[in-house]
Every structure is written in structure tokens, then in C-alpha cells.
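The values are calculated or read from the model by the stated rules, or taken from the named source; none is laboratory data. Here the structure is a predicted model, which means the values were calculated and not measured. Positions of Cβ are generated from backbone atoms using ideal geometry, with glycine treated the same way; all protein chains shown enter the neighbour counts. Surface areas here come from the heavy atoms of the whole protein model, side chains and all, with no ligands, DNA or RNA. Shrake-Rupley method; radii C 1.70, N 1.55, O 1.52, S 1.80 Å.
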Amino acid sequence: MPSRKFADGEVVRGRWPGSSLYYEVEILSHDNGSQLYTVKYKDGTELELKESDIKPLTSFRQRKSGSSSSSPSRRRGSRSRSRSRSPGRPPRSSRRSASASHQADLREMRKEVLEVKLTPLVLKPFGNSISRYNGEPERTKRDCTPPRSTQEKFHLSEERSYVSTQYSLRPRREEIKSKDMDSKEENIVSTRRSVPLKTSEAPAAPTKDLEFGGVPGVLLVMLGLPPLLCLLLLMGRQKEPGLRSFPPPLPAWQDLWETRVFGVYVLWVLLQALLYALPLGKVVEGTPLADGRRLKYRLNGFYAFLLTCAAVGGAVFWGADLHYLYSHFLQFALAAAAFALGLSVYLAVRAARAPPSALAPASSGNAIYDFFIGRELNPRIGTFDLKYFCELRPGLIGWVVVNLVMLLAEMKLQKRAAPSLAMILVNSFQLLYVADALWNEEALLTTMDITHDGFGFMLAFGDLAWVPFVYSLQAYYLVSHPNDVSWPMASLIVALKLCGYIIFRCANSQKNSFRKNPADPKLAHLKTIPTSTGKNLLVSGWWGLVRHPNYLGDLLMALAWSLPCGFGHALPYFYVVYFAVLLVHREARDERHCRRRYGLAWEQYCRRVPHRILPGVY
């Protein structure tokens, strides 16, 4: 394993991603697996940099000392040319606010003036820094390239102690103001700087936070999820589920596994892979990776969904026995779990040979934890992206197919000429949810699943086994436990579903519109808080109601899915409880990432929007 070049607490120069500019940073930690350094800039921004993007301070001193050999007249001429090329440079009179002696000392210390493109820090009091244009920040930590549309002047005052370098960031439009306003702006900037880094007070090497309770937690999850899946499905088939019949009897081995069922499931995955490879739909780029590249993705999920529906409809028309899926439902669930486990093993073996630049930010270097969370960020076979494919295709589309099979099974077993109103509501609600996800497929590219987490057991099992067989629990329950829903009750349930969907869709659309075009005139009424990374935090509209309005919409829709099952048993409401826990966990992960990335801006946002998911409650 290669040795480290820089120690924790060392003050060095780090390259700003996407540029050739180096700024003073402090080394916080080093990941032996990815060979990335976690560094902290003077404004509090923390990023992960490769060793090639970090230079010692001595190299910059030598470069500057070498340049001093040129003649004074040549240096003066170079400065004159630099000033003549910068139309945004403030007039000489605006820089004479200090005393003559102070200016003389300043000229001796300043060796060069660099003009760079850098996102300006807010030059207003932070409490009132609400801008009209911005978007909900992307959750990726690595997309930190400053915008190129704003040109700034960056003055480096070289003193004998290099660590005490002072920054002065001014946007062009501010440089034409009077010297009084100039001095006020500099005072405000100084208040937003973090405490200068001190080499004499090197912090202890921080350990990387492991989520899900660390290694013991992920072991418990991996060992507990498959039995929990079986338990839920066995309870759903009981004629009278209850505490007296818990736990349900375990069926014989031949009722748990059948090779033919596994083969049918593999054919289903291959069919979706074939539809994924079709040259349909537009091609878009994902968020920037650690090395600056952007992977390309073809958005044809909705086309695959329509083709699948046509194929299933044709099979029903030609008399295919889809009841086979219901009668072997537990076996199909275990086949999906086995397939997910095999895929996870392949991903772990593959990731062992992956270069450091291909590793996920969530990976830790621990074999057990990385097997669960995923070590490689974007595992691909050629142009076939394994994680992106599994996120929306086999499981999500399979969820709709399973619901249709349950509808047909209800009609057959209960001898109905038409499905019950409860079954129609469940199928319709969940069909709308899946169609919406596939129609807005591009929004998936900025989620934490794609930008932060690797592809391991967590996503593989969740996408392939948990989603189609647990999310369809309400339809599965109604097959053996019919429930009559009155039309007034159905109207209330539909109203709840529509309310949740409107919140969910409008909040996500507002966020995605800001990501694409923050300067859209239709979004001019929304207020935001700028951050030091160049991103902005929405504090009005849906995102001013709670911090995660899309999660609120999710919860309301989940409740609407379960209400048609009635209140005879708590099993259909397992999904609501599970979904609530899942959203709280994801919200906590978002909070940690945003607080670490945006610092003071996130604290200001939390004061303005105190509630996380439920207004006035949580």
C-alpha cells in the first residue's frame, strides 16, 4: 500500500476542483482505500482531493523566490499589463482608504495579484443574505466546481508567516463602490472566515463515520432482512393472521426454493436488461465524478415500462397463467434475494480491483461494511451501468406486474367478475407512483443512491427483492383478506393520495427546475440562502414549508396505499411504519452531509426552516 505524503493537521496548498488554482488548506484525514485526502479550506469547505492535487507550501515559496530574480522594471511592467486587462479592477483612489505607511508595507508584502474565477462569498450580513435565484443543492459532495460566470479578484498578501495569509474576495459589481462600503464588505468577509489554521495545533485524525451502526449494524441488517421478508409474506397468506398464530409455520424446503422459479426470475432480469439497452430516449450526463468526468445515461425507463405492459397484456390475452407467480410468490421472493446476494458478491470481487477514483464516498475500507454499502460508485460493464439499471427497472416495473397478478388472483380466488374497489385503489395509487418515477427518471441522477452510496448488498437487495415483494404487500394481503370500501371512504382516501402526490411532485419539480436553470423567471419569487460552495438553499416555496417536503408527500401517499386494506390487521400498515423509519433515517443522513458541506449557511437555513418532515411536529 503506498505511503502517505502529507500528515493530518499539515497546512498545504490544495487545488480547487475544476480549476488550476491552489488555495491554503488543512489536511483532516486520509482514506487508505481510496487514497483521497479530506481537506478543509479557510472558509470551512471540506472536500476530498487526490494527492496529485495537493502541493506543499515550500514549493510555492520556492516558485515565488525564483521569480524575484527578474528585474524590478519587468515586474512593474507585468503588473501594468495585468491591470490593463482587467476592466473590473477598482480605481486607484478606491484602494487608498488606509494610511500611506500602511500602503507602503502592503506593497512590500504583496508579490503578485492573481485574477481568478471564483464563486464570491456573500458580501452582505449573513442574516439578510437572501437571493432570488438558486436551487436546492445537489447532495453530492464532489460537485464543487465554482461557476464560470462570475469573475473575481483574489488578493494574496504574503507575510513572513505563510499560514496567516488573508483572503479578500470581491465581485466586480462591488469593486466600483466607495471606500467606506469597501471597508464594510471586508469586515463582513472577515467575520465569515473560519479560525485560521494553526500548524501548532494539529487536530487528531478523525475517523470516518460509519452509518447503520457500523459493522455490527450492517451485519444485523444483512442477516435480518431475508428472514423478515419471508415472515411478512407467510403472515400475508394466513387466513387469520394475529398474535395467536405468530410466528407462522415455516413451509417445507421444496416450498421455499424451486430452480424453475429462479430461472423465470433470471429471464425477467434479462428482459429488462434488453429493454435498457434499446436505443430509445435521450442521453444525459450525470453529476461530475472525482476526476471531473461525467458519465452518460440513456433515459428510456418509461419506454421500457410501456413495452413491458404491452408484453404482459399480450400474455394475458393469449391465456398465459400469471397465477403461477401468486402461487409461488414466496419462492420468487427468495429467488430475487438469492440473485441480489450473488450480484453483491460479484460487485465486491469486482471492486477489489477498482481504481481509487472509482470508489464511492460512502465506502470505508472495511470489507464487511463495504460489502453492504458498496465500494464502487458506478460499476459498469461497458456502457451498461449496473446500479442505475437496478434502481428503476427489474424491481420497480416488477412491482406493477406483481400488483396486476394480485388483482387477477383476487378475482380468481374470490370468484369475482371484477376486482374489488380496495384492490383497484391500491393498484391505481402504486401504478401512478411507478409511472411518475420512470417519467422523471433524470431526477434519479442527483440522489444520494447515485452520487454518494456505492453499489452493494444494500441497494441490490432493496431494489431487486424488497421493493417488488414488500411494497406490494397491500395487494398481496387483499387477495386472502377482502375488504369492502364504501364510496365516501374511497373518496377520502383518493383525496389523501392526491394531496400527498401534489406535495411530492411539486416539491421535486421545484427542486429540479432550480438545478437546471436557477435564473428561470418563473422561479424569481423564491428566496434562497447562498453558500460558500456556490450552491443555494431554498427557504421559500415548498422547501420553506419543511426541509424535506417530498418526504412529507411520500408519507401521505404511503398511508393512502394502506387504508383500502381496512383495520382488521396491522400487517398492511407495516409499509407505513417502515417507510416512516426509512425517511427519518435518510433525512438524518441528509442533515449530516449538508451540515458538513454548507456549515454556517446550513445553520441559517435550519433556523429559518426548523421542521424537517412534518410542519409543527418534526
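Among the residues of the range 269-285, those identified as within 14 Å of F384 (Cα to Cα) and of a type in the set (G, A, S) are A273, A277.
Going through the range 354-364 one residue at a time, which ones are in a loop (DSSP other than H, G, I, E, B) and over 11 Å from L210 (Cα atoms)? Break it down stepwise before answering.
Here is the first cut: in the range 354-364, the residues in a loop (DSSP other than H, G, I, E, B) are 354-355, 360-364.
The answer is A354, P355, A360, P361.
If you check L280 against the conditions, is it open to solvent by 20 Å² or more (accessible area, probe 1.4 Å), outside any loop (DSSP other than H, G, I, E, B) and without any contact (Cβ under 8 Å) to a residue 40 or more places away in the chain? When the stated conditions are applied, L280 does not pass them.
State yes or no: is Y501 in contact (Cβ under 8 Å) with a residue 24 or more places away in the chain, of a type in the set (F, W, Y) and under 14 Å from P564 (Cα atoms)? No, not satisfied.
Q474: farther than 28 Å from A524 by Cβ and either crowded, with 23+ Cβ neighbours inside 10 Å or touching a helix residue (DSSP H, G or I) at 6+ places or on another chain (Cβ under 7 Å) (or both), yes or no? Don't jump to the end; show me each part of the working.
On the way: farther than 28 Å from A524 by Cβ: yes; either crowded, with 23+ Cβ neighbours inside 10 Å or touching a helix residue (DSSP H, G or I) at 6+ places or on another chain (Cβ under 7 Å) (or both): yes.
In short, yes.
For first residues located in the range 405-419 and closer than 18 Å to D321 by Cβ, partners that are of a type in the set (D, E, K, R) and open to solvent by 10 Å² or more (accessible area, probe 1.4 Å) and lie 6+ apart or on another chain with Cβ distances below 9 Å form the pairs E410/R416. Within the range 245-267, restricting attention to residues that are assigned to a helix (DSSP H, G or I) and of a type in the set (S, T, Y), the residue that is modelled with the highest pLDDT is Y265. Being open to solvent by less than 10 Å² (accessible area, probe 1.4 Å) and closer than 16 Å to R294 by Cα is the filter here, so list the residues in the range 382-396 that pass it. Listed by number, the residues that qualify are D385, K387, Y388.
Here is the figure for the range 569-618: residues that are closer than 19 Å to S472 by Cα and of a type in the set (F, W, Y) total 5.
Scanning the range 418-453 for residues that are open to solvent by less than 20 Å² (accessible area, probe 1.4 Å), over 17 Å from F504 (Cα atoms) and in contact with a Phe, Trp or Tyr (Cβ under 9 Å, 6 or more places away or on another chain) yields L425, V426, L445, I450. On the given criteria, is L270 part of a helix (DSSP H, G or I), open to solvent by 70 Å² or more (accessible area, probe 1.4 Å) and at pLDDT 95 or above? Yes: the conditions hold for L270. Restricting attention to the range 300-324, the residues being surrounded by fewer than 20 Cβ atoms within 10 Å (Cβ to Cβ) and part of a helix (DSSP H, G or I) number 16.
Need the failing condition index for G242 against (1) open to solvent by 60 Å² or more (accessible area, probe 1.4 Å); (2) modelled with pLDDT under 85, just the number. Exception for G242: condition (1). Among the residues that make up the range 458-471, is at least one of them open to solvent by 10 Å² or more (accessible area, probe 1.4 Å), assigned to a loop (DSSP other than H, G, I, E, B) and over 27 Å from L537 (Cα atoms)? Checking the range 458-471: at least one residue is open to solvent by 10 Å² or more (accessible area, probe 1.4 Å), assigned to a loop (DSSP other than H, G, I, E, B) and over 27 Å from L537 (Cα atoms).
For residues that are more than 23 Å from the chain's Cα centre (by Cα) and open to solvent by less than 20 Å² (accessible area, probe 1.4 Å), tally how many sit in the range 482-514.
Going through the range 482-514, the residues more than 23 Å from the chain's Cα centre (by Cα) turn out to be 482-499.
Narrowing further to those that are open to solvent by less than 20 Å² (accessible area, probe 1.4 Å): 490, 493, 497.
Residues flagged as more than 23 Å from the chain's Cα centre (by Cα) and open to solvent by less than 20 Å² (accessible area, probe 1.4 Å) within the range 482-514 amount to 3.
Considering the range 35-55, the residues that are over 16 Å from A7 (Cα atoms) and outside any strand (DSSP E or B) include one that is least open to solvent (accessible area, probe 1.4 Å), namely T45.
Would you confirm whether or not the range 363-376 contains a residue that is open to solvent by 10 Å² or more (accessible area, probe 1.4 Å) and among the hydroxyl-bearing types (S, T, Y)? Yes, the range 363-376 has at least one match. Screening the range 515-618 for helices (runs of 4 or more DSSP H) wholly inside it with 1 or more residues that are among the charged types (D, E, K, R), over 20 Å from G462 (Cβ atoms) and open to solvent by 30 Å² or more (accessible area, probe 1.4 Å) returns the ranges 574-598, 600-608.
Tell me, yes or no, whether the range 336-358 has at least one residue that is of a type in the set (A, V, I, L, M, F, W, C), within 13 Å of V401 (Cβ to Cβ) and touching a residue at least 12 places away in the same chain (Cβ under 8 Å). Working first, answer last.
In the first step, residues of the range 336-358 are kept if they are of a type in the set (A, V, I, L, M, F, W, C); the result is 336-341, 343, 345, 347-349, 351-352, 354, 358.
Filter once more, keeping what is within 13 Å of V401 (Cβ to Cβ): 336.
Add one more test, that the residue is touching a residue at least 12 places away in the same chain (Cβ under 8 Å), and what stays is 336.
Checking the range 336-358: at least one residue is of a type in the set (A, V, I, L, M, F, W, C), within 13 Å of V401 (Cβ to Cβ) and touching a residue at least 12 places away in the same chain (Cβ under 8 Å).
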